[in-house]
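The values are calculated or read from the model by the stated rules, or taken from the named source; none is laboratory data. Computed from a prediction, not measured in an experiment: that's the story for all the values here. So basically every Cβ, Gly included, is an ideal-geometry build from the backbone, and we count neighbours across all protein chains shown. Side chains included, ligands, DNA and RNA excluded: accessible areas come from the protein's heavy atoms. Shrake-Rupley method; radii C 1.70, N 1.55, O 1.52, S 1.80 Å.
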Amino acid sequence: MYKIAVLPGDGIGVEIVPEAVKALQAVGKKFGLEFEFTEALIGGAAYDELGHPLPAATLELCRHSDAVLLGAIGGPKWDNLPVELRPEIGALLPLRKELELFANLRPCVLFPSLLHASTLKEEVISGVDILVIRELTGGLYFGEKKREKTPDGEKATDILTYSTYEIERIVRFAYQAARKRRSKVCSVDKANVLESSRLWRETVTKLAAEHPDVETAHMYVDNCSMQLIRNPRQFDVIVTENMFGDILTDEASMLTGSIGMLASASIGGKVALYEPSHGSAPDIAGQNKANPLATILSAAMMLRYSFDREEEAVTIEQAVRRVLEEGYRTPDLMEPGKKPLNTVQTGDLVAEYILGG
Ligand code: IPM
Ligand code: MG
């Protein structure tokens, strides 16, 4: 029996998470796996109900589960709260830190039937298959932040720190992942300007010598953002620090057709967290319009990485592939001649195809 903490969160989170639960239930039925889903509040929803975006009970539940499924957090309603109560800083970051989820995996894979859905040219994106590995518990997100009054007005500071230990563990992780793929690692930094990036690059260079079977490249982050849309097929595994990874993965999501397709797994500690890479999309929340596929594909990653259930993971991915091949699309992927589906219909169809319908 797998115990799963279910944290829908805010905005479209409450719409997409139930569709991923449906997919897991369908897989459970087909393969005889038992899941126990326990829901808890996080983000703005938790703040409204309990006065804190990460209630102690939610964190406890996550710690005692086998995996966590998260929707999205945040929204304009909570943007002006004191910083420590904001859903991002008060809930998502501490959750990642507490669970020691230092490695965030974001696979940017283009389903062939979505070749025309992207705003990018087909010949550029066809065959894209990149795994971005983002360091998730260090860097600017977690460095000291402060405000001071000065004669020139206020001064704001965010500190960017990385230790050799933090760099080594994420880079080693990237090498292991690359060995199971096309054996190429591209490390992304800004070593021409930042000291933390120079340590990053030196550390990668040392580790490269230990992994002669893997091709190692270094790239500046500005160049990488350009290369991702110029020639994305040059990349296999990209490994980078927290904030660069945040920015580059939103960009890379367009290689897959829509940010609504980009799944993610955050791993490293005892309990891993699975969430789509996108946010709570307040502009379309509550309208049954959101694309649940990134969340459903994150559930597939849960089966693969937390439970070592490859066949079950592939079954979900194939059901998603079939939905797209048959021309069904949520609005974010819509093209002329395709068949519109809402959030719930998409989840129902994926579940049906998992069960072999
Ligand atoms: C992501 C999101 C988060 C991040 C936000 C919501 C804090 O953008 O998971 O990419 O920046 O890590
Ligand atoms: Mg982001």
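Would you mind telling me the antiparallel percentage of the DSSP bridges in the chain, rounded to 5?
If I count the DSSP bridges inside the chain, around 40 percent turn out antiparallel.
Modelled label positions at SER183 and GLU326, each set 7 Å beyond Cα in the direction of Cβ, lie 4.1 nm from each other. With the convex hull of its Cα atoms as the shape, the chain has an orientation-averaged projected area of 18.5 nm².
Using the Cβ-Cβ distance between ARG198 and LYS97 with R0 set to 30 Å, the FRET efficiency works out to roughly 0.75. Label-to-label distance for ASP129 and LYS77 is 4.2 nm, based on points extended 7 Å past Cα in the beta-carbon direction. The aspartates and glutamates whose alpha-carbon is closer than 12 Å to the alpha-carbon of LYS146, local same-chain residues fewer than 8 away aside, are GLU154, ASP158. State the Cα centre-to-centre distance between region 304-357 and region 134-164 in whole Å. Measuring centre to centre over Cα atoms gives 41 Å. Within the accessible surface of the chain, defined with a 1.4 Å probe on protein heavy atoms only, the carbon and sulfur portion equals 52 percent. Whole angstrom only: what separates the Cα centroid of region 1-64 from the Cα centroid of region 181-238? Centre-to-centre distance over Cα atoms comes out at 35 Å. The residues of region 1-136 expose on average 40 square angstrom of accessible surface per residue, using a 1.4 Å probe on protein heavy atoms.
Using the structure shown, list the pairs from LYS22/LYS289; LYS121/LYS180; LYS289/LYS339 with a Cα-Cα distance above 20 Å, or answer none. Distance filter (> 20 Å) returns LYS121/LYS180. Based on DSSP H segments of at least four residues, each scored -39500 (n - 2.57), the chain has a per-residue ellipticity at 222 nm of -12000 deg cm²/dmol. At a Cα cut-off below 19 Å, give the aspartates and glutamates reachable from LYS30, other chains included and same-chain residues fewer than 8 away excluded. Excluding near neighbours in sequence, the set is GLU19, ASP308, GLU310, GLU311, GLU312, GLU317, ASP348, GLU352.
Over the C-alpha trace of region 220-287, radius of gyration and Dmax come out as 13.8, 40 angstrom.
Between ILE229 and ASN288, what length comes free when the chain is fully extended (0.36 nm per residue of separation minus the Cα-Cα distance, one decimal in nm)?
18.2 nm
Restricting attention to region 1-134, close to 40% of DSSP beta bridges with both partner residues there are antiparallel. For region 118-256, the Stokes-Einstein estimate of translational diffusion at 10 °C and a viscosity of 1.306 mPa s comes to 99 µm²/s, using the Kirkwood hydrodynamic radius over alpha-carbon pairs. Only lysines eight or more places from LYS29 in sequence, or on another chain, were considered; those with a Cα closer than 17 Å are LYS3.
Of the beta bridges in region 118-256, as assigned by DSSP with both residues counted there, near 30 percent are antiparallel.
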